[in-house]
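Below: the structure, in structure tokens.
The values are calculated or read from the model by the stated rules, or taken from the named source; none is laboratory data. Treat the numbers as computed from the prediction; the structure is a model and nothing was measured. Cβ placement follows ideal geometry from the backbone for every residue including glycine, while neighbour counts extend to all protein chains displayed.
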Amino acid sequence: MVVEVPREQVLGVWKLSLTDERALAHAEEALLRGELPEALRTLRALAARRPEDPRAQEELGFALVLANQDEEATEVLEARLASPAQLRGAARLAQVLERRGGATARSRPSPR
């Protein structure tokens, strides 16, 4: 799929080094094979190397959701919501919170 976005709406471009591209591909392949521990190991390392990269954080959050590691998934995805391009992260966080009955590890006042 190709999507055209006006330049003024582009929030950021995240380029991966060859090493990080390979790490992401390795993690995606591990997920497809159902090897969650390997995918998590790779994605945790990638997310640690690229803490400001939304895709690295989202992919880690997604793998944590798949692994039913809800506490860590919630932390990763909540942190991801601090960035402007947050829609996918919000959807994954909603999935975790729904599974947990809507409660977060930290109580928050409801918005008014």
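So Ala39 passes all but one of these: (1) at pLDDT below 90; (2) surrounded by 20 or more Cβ atoms within 10 Å (Cβ to Cβ). Which condition number does it fail?
(1)
Could you pull out every one of the helices (runs of 4 or more DSSP H) wholly within the stretch 17-75 that has 2 or more residues that are free of Cβ contacts under 8 Å to residues at least 12 places away in the same chain and acidic (Asp, Glu)?
Result: 18-32.
Of (1) under 21 Å from Leu16 (Cα atoms); (2) in contact with a helix residue (DSSP H, G or I) (Cβ under 8 Å, 6 or more places away or on another chain); (3) at pLDDT 80 or above; (4) surrounded by 13 or more Cβ atoms within 10 Å (Cβ to Cβ), Glu29 satisfies all except one. Which?
Going through (1) under 21 Å from Leu16 (Cα atoms); (2) in contact with a helix residue (DSSP H, G or I) (Cβ under 8 Å, 6 or more places away or on another chain); (3) at pLDDT 80 or above; (4) surrounded by 13 or more Cβ atoms within 10 Å (Cβ to Cβ) one by one, Glu29 breaks only (2).
Pick from the stretch 58-91 the residues that are of a type in the set (D, E, K, R) and buried (at least 20 other Cβ atoms within 10 Å of the Cβ): which of them is modelled with the lowest pLDDT?
Here the answer is Arg80.
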